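Only one structure is covered here, and it is reproduced in the block below.
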Ligand SMILES: [Zn+2]
């Protein structure tokens, strides 16, 4: 199992809609790239020590960054006009004189319930990651890279913009955040999934096979091993999911990134309609992925528990993904597909 590192600087405030499955047991398969000298060194370790050495690979698992490029509203026009590569220099400048008042007004206009991650918090969080886990061998980012109410903030500050303008700004924000993560851990593979906020048309809205997914896929795939990029781009363009063989020091480990936005009760297309085919197509793809030699577990909790104001608050929409039969099981008994074994879901619901 991989232990999840929590960083106080990153606000984890929402549901996790995207799942990254490590479909292999790190305990048995994660080890440093072997060479004759390292193998000789390993033999000299005690059996217990060697077992411990073989068991742990440091990694960073990040979620729900919710970066807010609108935190200083007076700068937004500059960000719109600049490539993501220049955003850091814009965002490190001293705050605008009216930042507090303008941001408070924006929060009110968009009925914001909290303050998302401004640039300073993003930077301090990245620094905390580097300090606490400087030897991370890979990073996973499981979605929601951009701020809540992104479309409202954008429309309030940039009235008259087109849908295409909005999509371009979302993509640029994704590019910036992912670029910051990669730059902070140079040489470390960063595996990214998108979240329900990370779309070009609105929260929980996404079109399968859309131009947005093609372009977002290019950003996500840019940091993948060259040998995996083409296939990842092809798969991501269909529905925001992909799989690949993880880079060393992981060995023979397959990473499957699922987009469970399509499975959400809140999901709609950009036009506001249903599209059950999107989820069915994704599950069909999932079922033909290589079968894990040794699954982490038969059942993987697919969705984090709803943020509970009370520990006793019941979970409303629990789902599980059964790696035994490739079926999404919902707590309310609703199934997406009739092809799975009934026992997979029935014994859990
Ligand atoms: Zn979130």
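The values are calculated or read from the model by the stated rules, or taken from the named source; none is laboratory data. Only a predicted model underlies this, so the values are computations on that prediction, with no experimental measurement involved. Cβ: placed from backbone, ideal geometry, glycine included. Neighbour counts: every protein chain shown.
Test residue 90 against the stated conditions and say whether it is surrounded by 15 or more Cβ atoms within 10 Å (Cβ to Cβ), more than 16 Å from the ligand (Cβ to nearest atom) and modelled with pLDDT under 95.
no
Tell me which of these residue 184 doesn't satisfy, since it passes every other one: (1) touching a helix residue (DSSP H, G or I) at 6+ places or on another chain (Cβ under 6 Å); (2) buried (at least 22 other Cβ atoms within 10 Å of the Cβ).
In the conditions (1) touching a helix residue (DSSP H, G or I) at 6+ places or on another chain (Cβ under 6 Å); (2) buried (at least 22 other Cβ atoms within 10 Å of the Cβ), residue 184 misses (2) alone.
Conditions: (1) away from the ligand (no atom under 16 Å from the Cβ); (2) more than 24 Å from residue 277 (Cα to Cα); (3) over 17 Å from the mean Cα position of the chain (by Cα). Residue 210 meets all but one. Number of the miss?
Among (1) away from the ligand (no atom under 16 Å from the Cβ); (2) more than 24 Å from residue 277 (Cα to Cα); (3) over 17 Å from the mean Cα position of the chain (by Cα), the lone unmet condition for residue 210 is (2).
Scan 177, 192 and give me the residue that is closer than 19 Å to residue 67 by Cβ, within 16 Å of the ligand (Cβ to nearest atom) and part of a helix (DSSP H, G or I).
177
Can you tell me which of (1) within 16 Å of the ligand (Cβ to nearest atom); (2) assigned to a loop (DSSP other than H, G, I, E, B) is the one residue 261 doesn't meet?
Residue 261 satisfies all of (1) within 16 Å of the ligand (Cβ to nearest atom); (2) assigned to a loop (DSSP other than H, G, I, E, B) except (2).
For a quick check of your reading of the model, give me the residue pairs whose first member lies in segment 89-102 and is more than 27 Å from residue 179 (Cα to Cα), whose second is modelled with pLDDT of 95 or more, with beta-carbon atoms closer than 7 Å and at least 6 apart or on different chains.
Once the first residue is more than 27 Å from residue 179 (Cα to Cα) and sits in segment 89-102, its partners that are modelled with pLDDT of 95 or more give 98/74; 102/73; 102/74.
Looking only at segment 262-272, which residues are more than 10 Å from residue 206 (Cα to Cα) and either more than 18 Å from the chain's Cα centre (by Cα) or exposed (fewer than 12 other Cβ atoms within 10 Å of the Cβ) (or both)?
Matches in segment 262-272: 265, 266.
Against the conditions (1) assigned to a helix (DSSP H, G or I); (2) surrounded by 14 or more Cβ atoms within 10 Å (Cβ to Cβ), where does residue 95 fall short? Just the number, please.
(1)
Being surrounded by fewer than 19 Cβ atoms within 10 Å (Cβ to Cβ) and either within 16 Å of the ligand (Cβ to nearest atom) or within 26 Å of the chain's Cα centre (by Cα) (or both) narrows it down to one of 66, 111, so name that one.
After ruling out the rest, the residue left standing is 111.
Considering segment 195-204 alone, what residues qualify as being surrounded by fewer than 23 Cβ atoms within 10 Å (Cβ to Cβ) and away from the ligand (no atom under 15 Å from the Cβ)?
Hit for segment 195-204 is 201, nothing else.
All but one of (1) in contact (Cβ under 8 Å) with a residue 40 or more places away in the chain; (2) over 15 Å from the mean Cα position of the chain (by Cα) hold for residue 176, so report the exception by its number.
Failing condition for residue 176: (2).
With 126, 171, 122 as the choices, which residue is within 16 Å of the ligand (Cβ to nearest atom) and in a helix (DSSP H, G or I)?
So the residue among 126, 171, 122 that is within 16 Å of the ligand (Cβ to nearest atom) and in a helix (DSSP H, G or I) is 122.
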